[in-house]
Every structure is written in C-alpha cells, then in structure tokens.
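The values are calculated or read from the model by the stated rules, or taken from the named source; none is laboratory data. None of these values were measured; they are calculated from a predicted model. Glycine gets a Cβ as well: all are built from the backbone with ideal geometry, and neighbour counts include every protein chain shown. Just the protein is used for accessible areas: all its heavy atoms, side chains included, with ligands, DNA and RNA removed. Shrake-Rupley method; radii C 1.70, N 1.55, O 1.52, S 1.80 Å.
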Amino acid sequence: MSLLVSNVLFTCLVLLTAVPAVMVVITQHIVRAACWLLLSLAGAAGLFFFLGADFVGATQLLIYVGGTLVLVIFGVMLTATGPFVNLRASSGDWAMSVLVGFSLLAIVTFGIAQPTWFNPAMFEDSGPTRASTNRIGMAFLGFPEENPTPAHPAEKEDVLVDPPKHVGVGYLLPFEVISVHLVLVLVGAAYLARAKQRPKRETA
Amino acid sequence: MLIPSLQIYLLVGAVLFTTGLLCMVTKRNAIGVLMGVELILTASNINFVAFSRYGKLGLDGQLVSLFVIVLAAGEAAIALAIAMNFYNNFETIDVDRASNLKG
Amino acid sequence: MIDAIWVLIAAVLLATFVGVAAMVYIWMERKVSGRIQDRLGPTRVGGRFGWLQSLADGAKLIQKEDLVPDSADQILFRLAPYVVMLGSFVAFLALPFSNGWVAVNLNIAVFFMLAVMSVEVFGVIMAGYSSGSKWSLLGGMREAAQVVSYEIPMAICVVIPIMVAGTLNLNTIANQQAGMFWNWYLFQSPILFVTSFVYFTCATASCKRAPFDLAEAESELVAGFLTEYSGMRWSFFFLAEYASMFAVSGIFVILFLGGWNGPIPIWYGIDFGDVWIGKFFGLLNFLIKSSLMVFVMMWLRWTLPRLRIDQVMTTCLKYLLPMSCGLLLLQAIWQVIFPNGLVGWMGPEVFNPGGYPLDGGQP
Amino acid sequence: MGLIWVIATLVPLAAFVVQILFGSVLKRANAYIATGAIGFSFFLSTMGMLWYASFKPGVLSPPGHHAHHEEVVEGAGAAGHADHSHDGEAGEATDHGHEDAGHDSEADHGPVNPVAFEGSISWATLIRGEDTLSKVLRENPALGDLIGPEDLREEGPGVVSVGYRIDNITALMFFMVTLIATCIHVYSMGYMDHEPRYGRFFAYLSLFCFSMLALVVSNNFFQVFMCWELVGLCSYFLIGFYYEKKSASCAANKAFITNRIGDVGFIVGLMVLFSTFGTFSFSEIFTPEGMLNPELAAKADTFWLTVAGIGIFVGCVGKSAQFPLHVWLPDAMEGPTPVSALIHAATMVAAGVYLIARSFPLFTPEALLVITYIGGITLFVAATIAIVATDIKKALAYSTVSQLGYMVMVLGIGGWIAGLMHLITHAFFKALLFLCSGSVIHGTGTQEMPQMGGLYKKMPKTALTMLVGVLCISGFPLTSGFYSKDAIIAQVLAYGESNPEHTFILLLPGISAGITAFYMFRLWFMTFVGTPRDKHVHDHAHESGDLMTVPLVILACCAFLAAGVPWLGLPIPSLESFIGFGQPAAADSGQFAGLTARAHELHGVASVVASGCALLGTVLAVAIYWKGYLSPSEAQRQFPRVYDLLINKWYFDEIYRYLAVRPAMAFGRMVAWFDKNVIDGALDGSADLTVRGSNFEGRFDLGIVDGMVNWIGSTFFETGVSLKRVQTGWLRGYVVTIALGAVALVALGAFLYTP
C-alpha cells in the first residue's frame, strides 16, 4: 500500500521534473518558460527529498527556486520589452538542434541502459541518509566521513552524540573557497549591474 | 508506474540535460540561455544525489551538489548582471546580436 | 522514507487547520483594528462578537464572479494563487504543534520551512506579471524585491538560535527549552534577545504585512498584484497571508519562546511526555503564544504608518542585514565564552528539570 | 622610606605626562596641576629632610667635627666665630651620638656615611662580568635553592641602572629645588597670565623640575648624564619659549649647542671613567666616607683619571656656564623671566656645581687646579661685564656666572662645604632677584635699566624684597650670602697660605666681592632710586599682583635665612653643619688635609675681608648711582678701552666667531669645492661613459633583439589572422559544436572500445 503510494508519488515527481523541462524548450514565451522552469526545479527538489537528501532538496528550493529563479524572472521582466518576449530561432536552427539533442539523449540513454558497466552489485540502494544534515555540517567543517555507508540506524536523531574519530581536511577548503567566491561574485554582480548612463545608440 | 531506481534518476537527469542543451541552442533570449544552463546544472545535481544514494559516492555526492547549487546562484547573479549590461549597451537581449568579438 | 499515508492524513488535518485559523485570524484582525481605531468591529454575524463574520465573508467571496482580464496571461493568472497557497501551506508540514505532533519530523525542519515559504514569492510575481496591468506588475516586482531581500536577514536570524540549539529540528529545539521560562532562548543571551526583535521585523516584512505592505499599497498601486483578482482567487492570497503569518509566528515561538513549553512547568509531577493530554496542553500553549505573535503583527499594522519602498529596502539592506550579521558574530563569540549558556552553571537539572528526552520521539 | 624622594621625583613627571596628553583640554588647569605637583614634591621633600635628620642625627652637629673631632672643637673655639657659639651643645650632640651607636654605628668611628638610602633597578648590562654571588652559586650549586633568581638581579659591575641615592646633599638639594620651583610656579601663574601657550609652559616647567630632581636623586653617572641631557632639552624648550622671536630661538640654539660642546667633554669623561672602572655607580666608585674606592683607584692610571675628571668638568663648564662656554647664559635671558629664575637658581646651572661636588673625590689635583683656574677666571670676567650691563636681566645673568665661578673655584680648592653652601644660598637669592626683576619687567614693560629709575614708590614690595636679595648677594653681614661668601674667602685664604704660587688667582674672589656689591647696588639704584628717566615707563609702572609678590616675600625670607640663623646662637644647626655632615673625606685629606680646620680659624679675617670689599663696592655704587658724586659717563669717557672691552663682553662672541665659526665656514667652502669639482666631475665622467655604452647597446637592441622579437610576433599575428574566422561570435553555434563534439567523442569511444 505504502509502496504503491510512494511509487505513484515518484512517478508524479519524475513527470513534474521532466515534462516542464520539455515545456521550457518548447514554449516561445520567455516568462512562461521561466514558470515551467520553476515547476521543473521544484520537481527536482522533490526528487532530492525522495532520494533522502533533505538538505540538498531544501537548499534547492531556497536557493534555486526562491533565489536564482526570482533573479531570472527579474531579468526577464527588466528586459522583456515588446519584441524580445517572443524571440524565435529559425527553423533550420531548430532542426539542427533537435537533431543534436536527440542524438545526445540517445547516446546517453544507450549508455545508461548498458548492462556492461551497470553492475547491480556495485550500485545498490544504500538507503536514505536521514541523519545527513549533521554529517554534511561536519564535512563542511573539515571532519571527513569515516564510513561512507551509514553505520548508524537510519532513524537516529542528528544530535551530535559521537564526535568524529579523526580530524582531516574534509570539505573545509572548498567551503572556504566557495564562500570567498560568492563574495567576489556578489561584488562583481553589483559592479556590473550598477546604474550607468545608457550610451547613445551606436551607429557603427 | 515507475519504480525508483538509479536508471530512472539517470534518465531524468539525461532528459533534463538534453532539454537544457536544447534550451541553450534554441533560445535567442540571453536569459533563456541562462535557463538552459540552470537545467543542465540541475540535471547534474540529480545525477550526483542519485549516485550518492545508490552508488559508492556517499555523502560526497550531496556535498558536491550543494556546491553546485551555491555556485549556480552566484553564476546566475553574474549572468544576470551581464545580461543587464548587455541590454543596456545594445538595447537588445538577443544573443545572436552579441557577436562583437567574432573574428 | 516518508510515510506517505500519514502525510496525506496530516495534510488534510493541516489544510483544515490553516483554513480555520485563517478565518479566526481574519475575524481577529477586524476586531483588533476596530478596537485600535476606537470602534467595535464586527458585532452582528453569529452572535455577540460577530465571530461568524469571516464565514460570511467567505460565503460572499465564493459567490462573487471569477474574473480573468482579457489581457491577462490565462494560465499563469490562474496558477498564481495556488502557487502562493502551496508555498505557505507546505511549510506547515514541518511545523510541530506540540511535542511530536508534526506531519513530517524533518531534521531540517526550520530550513525546510524557510525554503518552502520562499517559493511563495514566485506566485506573487506570477500574479503580478500575468494580470496584464501596470499596477499589478509594479506591485509584484516590489513584492519580489522586498521578500527576497528580507529573506536574507531573516535566515541569518534563524541561524543564531540554531547555533545555540545545535540542530535544525524544530521539535528538538523546542524540547531543549523545557523547564522554567529562563530556559527559553529569548533569555539565553542578550544577543538572542535582540535577535528575536530583528527576526520578528523580518518576518513581518516577509509576510508583506504593514508597515511593509508596499506590494499592495492601495494609495499608490490600487491593490498591487491583487488588483485584478476577485472572488476565491483573491481569498486564496489572503488565506496564504494569514497562514504564513501563523507559520513565521510559530517559528518565532519555537525558536525563541520555548515552543509548547509553558513559562512555569506546572506539570512537573506528572510526566506527560508521551501522554496525549500533556501534548494537548502543549498544543494550547503553542497556539496561544503564536496567536499572541500574530496579534502583535496586527497591532503593528494598525499602529504604524506605511513606509516608502526605498525606506523598506534601506531598512533591510542597510540596517537589518548588518545587524543580523553582527549578531551572528556576537553570538558565536558568546558561545565561546559561555559554552553552557548563562544558566548552564546551575547544572543539567535546572536546564531540563523534567528530564525530557531531547529528541521528542517520533509521531 | 627612600621612596619618598622617588615619589617626589616622579610626581612632576606624572604632571608633565598629564599635561602633555590632556593639555589642550585642561587649558588653565595645567598651571594648577603643575603647581600642585611641585608643591606636593616640596611637601614630600620637607618630610624627607626631617626624616633624614632624625635618621642621621649627626647631621645636626657642627661641621667637620666628625673627621677631626678634637681639632674642630678647639679650632672653632679659637676662631670665636658667631657660628660656633653653641659649642657646648655640639659636644652634647656628640655624646648623644655615642649613645645612638646602634642607630648610626659609623658616627663615632671617624668617617661618617651620609648615605641613608640607596636602591636601583638594573637597566642594561654593558659588561657581563661574573659577580660574587653568581660565583658563589657556581661553586656551591646546593645554594641554588636558597637563593632565588631575584637575588641574582643585584647590581653587578657593568650594569647600567636607574636608582636613587639619598644623602644629606640630595635631601638638601631636593628641599631647595622644590621650594624654589614651587615659588616660581606660583609666580608664573601671575607672570604668564596673558601668554598664549600658557599650558605648554607649565608642562615644560614640570618636565624641567622632574629632570633636575631625577638628576639630584640619581645614584650613578649614567643616570646623571641622562637627566643632564633632559635638563638641557627643557632649557632649550623654555629659552626658546617665545620662538616667534628670532633672538629667542637663536638664544635657545646657542644654549643648546654650547651645552652640547660641554657634553662632548662629559661623554668623553664618562667613557674614560667606565673603561677605567667598569661601573657608573657612585657607591662603587666612592667609598662611603667619600674617597675614591681604593680597589678601583689601584687599577686606574692617574693620567686617565685626570682626563676623566677634566671631561666631567667640561660638562659642568657647559652646564654651569663657566669661562669658555659661559656665553649662552646671558643670551638665555630671552626666555620668560620665571624660567631664567629656575635655570639660574635651582635647576640647570646648579646641576654643574652639584656634579662637581658629587664627583669631588674623583678629581685629581691637576684636574682640581684646572677647575680652580676656570672658576677664578669666570668669576672675575663675568663680574666685570656685569658692571656695564644695562639690561636688568643680563646684569643678573652675569652676576650668576660670576657667582657660579665662586662655587666652582672654591670647589677646586677643596672648599666643598663652602661651594655647596654658596650654591644653596645663591639659589635662594638669585631666584629672588630674578623674580623681582621679572616683577619690574612685568610692571614696566621694559628690561632696560636706563629707562627705569624711581620705581621705589610705584612698586615698594618688589623694591624691598629685591633689596634683600641685593644685600644677600653682596654679602652683607647677617645675610645668608655673607656666611657663604665668608666661607669661600676663608677657604681661599687657607689655601693661599699653603699654596702661595696661586696667589694671583686667589685674589680674584676678594676683588670680585667688591665688584659684585658694586654692580648689584648699581642695578638696584638705577631701577628703584633717583628720578624717573623714562616718563612713559614710569607712568605705566605698577606693583604686581599677589600671585607674584607673595612668592617674592617667601623667597626673601628664605634668602635672608638660608644659611640658618647662627647669629642668634640658638642650638639649631646651620646650613654649614648640615652640609658639612656629608663632606667627603677627599676634601679634607691629601693636599687639603687640615684645610677645613684652617679655614675655620680664618673665618674672622675672611669676614672682615669680604665685608670690607662689599662695603667698598657699595660705597662706590652709592656715590655714583644714588648720590651722583661721580658720573658713570665720565668714567666711560676716561677709560674707553676698558669700557669697550666690557660692553663687548670681553669680545668672547667675536673671538668665537674668528676661532670657530669662520674656520668652520672656510672648511665648509673647501669641502663644497671638493664636492663640486672632484666628486661631481667623477660622477659626470662616469655618466658620460654610461651614455656612450647605452648608445651602442641601443643599436644592438634595435637591430638584433627587436628584429627577432618582431619576427616571432608577426608570425603569430598572421597565424591568428588566419584562425580568426573560426570565431563566429554565434553563441548558440558554440553550444551546438560542443554538443556535437561530445556526441562524436562518445560515439568514437564506443566504436573503439572493445571490452
């Protein structure tokens, strides 16, 4: 019963992710494309939850949907004056791109379906890592995981009861680098987007 | 009725990737191109998290996808700033017009 | 894995709760505004206090003609209220109402709530864009700018008590504050005390409540992104607004005011940790405190004049954001100096006199 | 208890720090802080002096009786001097000292140790020698537990330390400096009332006082030298206080540079001293009774000892304005008058004399002879210049130089007590005189005596107090100046008896005593008596306020009574006995053996001589400047050469200009010529050579190196031009290309891959 419900839910989520993504490509109206993108990304967040990656899912919602996408919409609205809402590519472009896209999809799908590399013993369901938030935080702080497979019971609460045994580098350096990178990006974005005198129409 | 398995996730990722690519190719609007990029990044995130669950990637998959999300946010901010600048300078958002650097 | 059945049941319960609570709060708002403006407010419908006024309003709204303007983007126009509603409603999935009474006991509950509520703004933008009206577009843009900006100091303010608690699980956070009222995080350090005010300001703004209700400033923008809406779609927006008011108040209560723990633990002798009646009193505690915070929001709305949009953005970016960052830093320093909190030296008995299991248990 | 002096020293420093940090905020409160600080120091030093007297009861006995008990009592009786009318009490005091043997065990064993307290903290180690304690420790490691590391921090040889050493001279100097400085501070509050930089003035005063007190309290030569420089620095600040005036800043420079010349000598002396003895500490160089430490003296070569002594004396020559370097002191009159008083009475010039007295046992007979001659010449030359000075302050300045000459000279002939006594008494009456002249200047607005006259009616308090000062400095009987000058002349007479070959120089004190009386009375008469010579000045003259006159009265009393009240015959110790308690044995042994006793015998004669000379001078002054029997202009006309000599200050400035400044300029010109022609020529030549080389290298560079680089560049440029068509600028095309590439790669891989 429960399995059935979850399978239905999974199917819905897959469809919610894939179909709007296709719609993003198909629709010519840029604002609608953004809204389809919202659905697709929200579906992806749902998939993350389904995969047990709660933190990643919530981050996807908060940053991607709540932040990035709003920015995109902003951009659309600030630039979507008249003719630019429905910019169309030529049919030739369409034909070529669909050809390339489908060949890529075919190759990738072919690769996924290859039993030669897909060894089920190698890829087994390691279960949802419910206690992952704490582990993610510890990894960010530089405590690498001792054992990638969850040794703890899945339902264990994430109050830190057993501190990590050994201290290593973990993800502290990438974390710091990303933080500094973000600051630089913000400064750069503010610099690029600052109010400027609109230059006179160029003749050349 | 789909049963959750690694292949399904990878397939969803592949679809998202392809649509993202198509989006980048077919959209002449600069922000449309940006959306394509976001789709591609999401596709890769789905793969990372799926491998984190089903593969030997462990927590690393989630962590990498977190980094990707955060970087994507920064990238979006910069891309939008560039788009704004582009729009201000050329009075258009059509990427085909942005060919000043062609040889 | 999430137990899907339980989620469905909880969803129905929560939907009911949100609907009822919104109606109660709308009635309360009218009474409060009346009293503050030296009026009586609704008195007739449903007896003495006009307590059925909201129901009457709802009936009226359902009967109204459902208009969609010609120049509107049909799909987005219809979709927008549901996105808004969805955003504020899904957040309730992770909000515990009493010890263990929560739809999904997520270990990232507070983060999840913030994330889901951030989707709400997307519906507002959709509504503003799709209405095909300048007022709506301007209102939607303002709203988006405001909410996205206020999310940042709000999230940082949420991080500060989380830093004290050491977990994102709202259930655990509330249980950590069991005992006398000085165990509440509000009184754990002066920094947290200040933080609570900053958080509440941001929360008020992110619910687009007065004095931050620029998106629907009727004197400038007619009704902002709501201009073209009527009937049920309109009422969905308001349901969402009151629901998110309750949600942010609930987060405030759990993070700062001890959640469902009363100021004085009069139930010490009776260990009601897992007893139904005890949880029920906890629920009452929680509802009273949350309603109090909602009342404060109403009080503010009918007391303070509306700010200008530039003032709103200045408040956020120039004052609240640096303030919250500074508070985060100060609290980190405080943690280093007083690792056990101010009353920590009294020993674990005082900190948690009931000896509650801090993880609260599964529902 | 020795800390009382340390605190008294540091209080002005604290006041200075406060004033420098918050001076702009405090404004006029600066004056109160500075005055309060020095007043507190005065209080502390008074307490300290009383305490010292009770700690060393021998200090209250008549002079000299410690070393030569029997003779002194007899000699004093034979001299029949009023000073010793309480011989009986002195005997009793001696008996008392016997009973107090436990208290001051050295009092009855001949030589006496005047040092009451001594302490120091080490500051730097110049020579790391092994002191006794560490040697003991090295040989007995077991002791290491008993002796803590703090015990090892004892002052060993070669350690430069900061410390204090309290003996009777220190206590007395402290008392004198703080008392006079307090009066001057109070006076300055009135005198400097309308000045800008009021606060800064008091800050400088505080620093000045601190420097002098630290100098007095120090227990080693190095600290003395540091404070010495500090004193010089403060004098530089204060002399140049009106730095807007060119003459003032020039005077400050002159004082500073002249002092530096002296300090070179001082440094040389110190270096010789240190390399000879390996220590700066007084207590190591001198024995308690005031001889050169025999252990060290055995190591020392007499020649180097003489060099060290003369070097140190050269420092004193600079600071105390002795003969070749005295030129700065009259010019220093450009500073505010209270500063002049401070410099001339309490602080700067006293430092030099103090140092001679302090290091007295160090001086070899040769060095002492130099001191005597320098002092003698100074005292005479300055006195003669003072005769013709018309500026009231300059006249006083020359009188200071002259009186300093007295002190230095008498120190040179072993008159340790007489020199220091004159230092103290002179400090009081010279401070008084300067403050009086300041009051006159304040009242009249001019410094030129020819513009004054008849001011007695206008400013009676100033006139009377100044008269007291004039009487004191002239050495009239019963005044303090009488006793000190009398002691000097007695010493001179005693020395002259045994050393007749120096009779010439020994005549000078007597003659100068007359000249002193003459010019001082001339000053007073020209200022206060007779008809007003400048109507304008006279009309505007007025008596100064209480803030200025009260210190005058106090100082007048002090000046009159500074030498004690021996004429009353009370059993109160006189200044002489107080100083005499600490007389170093060196001043009464060797060539000076018995000289003190002989001087006591000659007191009667000396007093007659001194009083006679003074009377002569006074009569002459009365005749010329009061009664007008003789005309000064007539004398001027009759002795034009003498007058020219005196009015031009013995042509010292001119001599220096010819001997030092002109040669220095000529040498400078020579060096400039050398620089311009030889060094610049060489540089020009090398520059020319470089230019030629560069030209050649440039051609090489252009032809070969650039050619190669250009060839490479053009090749790449052409390649780039041919490749640029690949860049279409079509963004979507790029994406398609990438995707196609990826597909192609995978396809290729699949085609090639054979599992």
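Using bins 20 angstrom wide from zero, how does P(r) for chain D break down, in % of all Cα pairs?
Pairs per bin, as whole percents: 15, 43, 22, 7, 7, 5, 1, 0.
Considering only protein heavy atoms, with the full assembly of protein chains and a 1.4 angstrom probe, order D:Thr596, C:Thr201 by accessible area, largest first.
Largest accessible area first, the list is C:Thr201, D:Thr596.
Each label point is 7 Å from the Cα along the Cα-to-Cβ direction; what then is the distance between the points at D:Phe696 and C:Leu304, in nm?
8.4 nm
Please calculate how many Å² of accessible area the range D:389-440 carries per residue, with a 1.4 Å probe and no DNA, RNA or ligand atoms counted. Don't skip to the answer; put the middle values down first.
Details: 240 Å² over 52 residues.
Here the per-residue accessible area is 5 Å².
Would you tell me the mean number of C-beta atoms belonging to other protein chains that fall within 10 Å of each C-beta in C:98-109, as a whole number?
3
At a Förster radius of 25 Å, what calculated FRET efficiency corresponds to the Cβ-Cβ distance of D:Glu295 and D:Ile261, to the nearest 0.05?
0.15
For D:Asp391, which sequence-distant residues (separation of 5 or more, or a different chain) have an amide H within less than 5 Å of its own amide H, given hydrogens modelled in the peptide plane?
Close amide H contacts, sequence-distant or interchain: D:Met449.
Measuring from label point to label point, each 7 Å out along Cα→Cβ, what is the C:Leu283 to A:Phe102 span in nm?
Label-label distance for C:Leu283 and A:Phe102, simple model: 5.7 nm.
Work out the charge dipole of the range D:250-306 with +1 on the Cβ of Lys and Arg and -1 on the Cβ of Asp and Glu about the Cα centre, then indicate which of D:Asn253, D:Met291, D:Val272 is farthest towards its positive end.
Final value for the positive-end residue is D:Asn253.
Using alpha carbons only, how many angstrom separate the centre of the range D:399-460 from the centre of the range D:608-629?
Rounded to whole Å, the Cα centres lie 18 Å apart.
With labels modelled as points extended 7 Å from the Cα through the Cβ direction, what inter-label distance (nm, one decimal) is found for D:Gln636 paired with D:Trp711?
Label-label distance for D:Gln636 and D:Trp711, simple model: 9.7 nm.
Counting only other chains, and only Cβ atoms inside 10 Å, what mean value do you get across the residues of B:39-49?
On the way: counts 8, 0, 3, 12, 3, 0, 10, 7, 0, 2, 10.
Neighbouring Cβ atoms belonging to other protein chains average 5 per residue here.
What angle do you read, to the nearest 10 degrees and between 0 and 90, between the alpha-carbon axis of helix C:74-90 and the longest principal axis of chain C?
Taking Cα atoms only, the helix is inclined about 20 degrees.
Quick check: from the Cα gyration tensor, does the range B:5-71 come out rounded (a/c under 1.5), prolate or oblate?
oblate
Based on the Cβ-Cβ distance of D:Phe43 and D:Phe667, what FRET efficiency does E = 1/(1 + (r/R0)^6) give at R0 = 60 Å, to the nearest 0.05? Intermediate values should be presented prior to the final figure.
On the way: r = 54 Å, r/R0 = 0.91.
Efficiency for this residue pair is about 0.65.
With r as the distance between the Cβ atoms of D:Lys676 and D:Trp304 and R0 = 60 Å, compute the FRET efficiency 1/(1 + (r/R0)^6) and round to 0.05.
The formula returns an efficiency of 0.90 here.
Out of the total accessible area of the range D:341-487 (probe 1.4 Å, heavy atoms of protein only), what percent is carbon and sulfur?
With neighbouring chains kept in place, the figure for the range D:341-487 is 69 percent.
How high is the relative contact order of chain B, given as a whole-number percent (alpha carbon pairs under 8 Å, six or more residues apart)?
26 percent
Can you list the lysines whose alpha carbon sits under 28 Å from that of D:Lys535, skipping same-chain ones fewer than 8 residues off?
D:Lys245, D:Lys393, D:Lys394, D:Lys457, D:Lys458, D:Lys461, D:Lys627
Which value, in Å², gives the accessible area per residue of the range B:28-92 when a 1.4 Å probe is used on the protein heavy atoms? Can you show the working numbers first?
Values: 1690 Å² over 65 residues.
Accessible surface, normalised per residue, equals 26 Å².
What is the range D:538-651's relative contact order, in percent, from Cα pairs under 8 angstrom and six or more apart in sequence?
Relative contact order comes out at 7 percent.
With axes computed from alpha carbons, what is the tilt in degrees of helix B:59-90 against the longest principal axis of chain B, rounded to the nearest 10 within 0 to 90?
With rounding to tens, the tilt is 10 degrees.
What are the residues whose amide H is under 5 Å from the amide H of D:Gly290, where those residues sit 5 or more places off or on another chain and H is modelled from the backbone?
D:Ala585
For the ranges C:79-86, D:618-625, what's the packing order if you count other beta-carbon atoms within 10 Å of each residue, average per peptide, and put the highest first?
C:79-86, D:618-625
Nearest 100 Å² is fine: what is the total accessible surface buried where chains A and B meet, probe 1.4 Å?
Buried area between the two chains comes out at roughly 7400 Å².
Could you compute how much accessible surface D:Cys183 exposes when probed at 1.4 Å, giving the result in Å² to the nearest 10?
Counting only protein heavy atoms, D:Cys183 exposes about 10 Å² to solvent.
Interface size between chain A and chain C, please: total buried accessible area, 1.4 Å probe, rounded to the nearest 100 Å². Write down the numbers at each step before the final one.
Values: alone 15880 and 16990 Å², together 29820 Å².
Interface between A and C: roughly 3100 Å².
What number, in percent, do you get for the relative contact order of chain D if the mean sequence gap of Cα pairs under 8 Å and at least 6 apart is divided by its residue count?
Worked out over chain D, it gives 15 percent.
Counting only heavy atoms of protein chains, what accessible area per residue, in Å², does the range D:472-552 have with a probe of 1.4 Å?
Heavy-atom SASA per residue in the range D:472-552 reads 34 Å².
May I ask you to order D:166-179, B:70-83 by the average number of other C-beta atoms within 10 Å around their residues, highest value first?
D:166-179, B:70-83
List the lysines whose Cα sits under 17 Å from the Cα of C:Lys279, skipping any in the same chain fewer than 8 residues away.
C:Lys289
For chain C, what is Rg from Cα atoms divided by 2.2 N^0.38 Å, rounded to two decimals?
Here the Cα radius of gyration is 1.01 times the empirical estimate.
Let me know the mean shielding of A:179-192 by other chains, meaning the per-residue number of their Cβ atoms within 10 Å of its Cβ.
Counting Cβ atoms of other protein chains within 10 Å of each residue's Cβ and averaging gives 4.
Taking the 0 to 90 degree range and rounding to the nearest ten, how far is the long axis of helix C:53-63 tilted relative to the main principal axis of chain C, both from C-alpha atoms?
The answer is roughly 40 degrees.
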